[in-house]
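What follows draws every value from the coordinates through simple rules; no lab data is involved. Since this is a predicted model, take the numbers as computed values, not measurements. Backbone-built Cβ (ideal geometry, glycine too); neighbour counts: all protein chains shown.
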Amino acid sequence: MEKLPKNEQIFVKEVAIHGNATKAVRKAFKEIKSPDYIRRKGSDLITKPHIVKAVEEVKKTLADRINDDDLIKVHEEGLKASRRVFKNNNSSGEIELVDEEPDYAVRHKYLDSAYKLKGAYAPEKSISLNLNGDIIPTEELLELANQLKNNEVTRIDTREHIERNGADTESVGKEVQD
């Protein structure tokens with residue numbers, strides 16, 4: 001991680017801590033003000049192999065700093081989390097403790113955090129898919145191709161490319177994320 005520029009080092013540490021690339025860009029690249037550019041920059045950085053590797057290294061370092069005994073102790077406390085239920089006594093005007101009930105949301109958060117720290121979740125997967133096929137160019141297909149191209153959803157070579165290269169095939173590239 002030492003070879004990364006300072007901004008990218010900050011980005012990596014922030015992503016490792018909270019997992020949000022957009023927040024990490026805001027903190028690491030303070031000169032970027034456009035919300036759209038911040039999101040795009042985060043998305044671009046988080047997919048770069050050297051950044052992914054650095055984030056995993058930092059996560060491992062953070063998890064290794066927590067003593068297993070301390071983690072188990074806090075984990076057990078979290079699994080017993082409860083909340084108090086109060087009611088207003090109308091006759092005396094006092095607020096009284098009625099009961100304690102399990103706080104399942106807090107318990108879930110403890111479990112989730114512990115599993116993340118110890119790497120028990122499977123890594124995220126992404127698939128890149130390129131499709132090639134014969135398409136007979138029609139006005140409707142060309143219009144659709146231009147709409148897709150303008151929205152930057154996928155890459156489609158236009159009729160110009162087909163005519164220039166003398167081919168009857170349009171290439172379609174699409175990235176699919178799981």
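Place a +1 charge on the Cβ of each Lys and Arg in segment 1-76 and a -1 charge on the Cβ of each Asp and Glu, then give the dipole magnitude about the Cα centre in debye, rounded to the nearest 20. All intermediate terms of the calculation are to be shown ahead of the outcome.
Values: 17 positive and 13 negative charges, 118 e Å.
For segment 1-76, the charge dipole is close to 560 debye.
Classify segment 1-130 as rounded, prolate or oblate from the Cα gyration tensor: take a ≥ b ≥ c as the square roots of its eigenvalues, call it rounded if a/c is under 1.5, otherwise prolate when a/b beats b/c and oblate if not.
prolate
At a 10 Å Cβ-Cβ cut-off, how would you order LYS6, LYS27, LYS60, fewest neighbours first? Before the final figure, lay out the partial values.
Values: LYS6 8, LYS27 16, LYS60 13.
With the fewest neighbours first, LYS6, LYS27, LYS60 line up as LYS6, LYS60, LYS27.
Can you put ARG83, ARG26 in order of Cβ neighbours within 10 angstrom, beginning with the fewest? Working shown, then result.
Values: ARG83 13, ARG26 18.
Fewest-to-most ranking of ARG83, ARG26: ARG83, ARG26.
Past 24 Å, Cα to Cα: identify those pairs from LYS3/LYS118; LYS6/LYS116; LYS41/LYS118; LYS13/LYS80; LYS30/LYS109; LYS6/LYS48, in the order given. Don't skip to the answer; put the middle values down first.
Working: LYS3/LYS118 26 Å; LYS6/LYS116 26 Å; LYS41/LYS118 28 Å; LYS13/LYS80 31 Å; LYS30/LYS109 31 Å; LYS6/LYS48 16 Å.
From the list (LYS3/LYS118; LYS6/LYS116; LYS41/LYS118; LYS13/LYS80; LYS30/LYS109; LYS6/LYS48), the Cα-Cα distance tops 24 Å for LYS3/LYS118; LYS6/LYS116; LYS41/LYS118; LYS13/LYS80; LYS30/LYS109.
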**Item:** Cα-only radius of gyration and Dmax that characterise segment 14-83, units Å
**Value:** 16.4, 45
**Request:** Would you work out which of PHE11, ILE66, HIS108 lies farthest towards the positive end of the dipole of segment 1-129? Charges go on Cβ: Lys and Arg +1, Asp and Glu -1.
**Result:** PHE11
**Message:** Please give me the summed charge of the neighbours of GLU76: other residues whose Cβ is under 14 Å from its Cβ, Lys and Arg +1, Asp and Glu -1.
**Reply:** -1
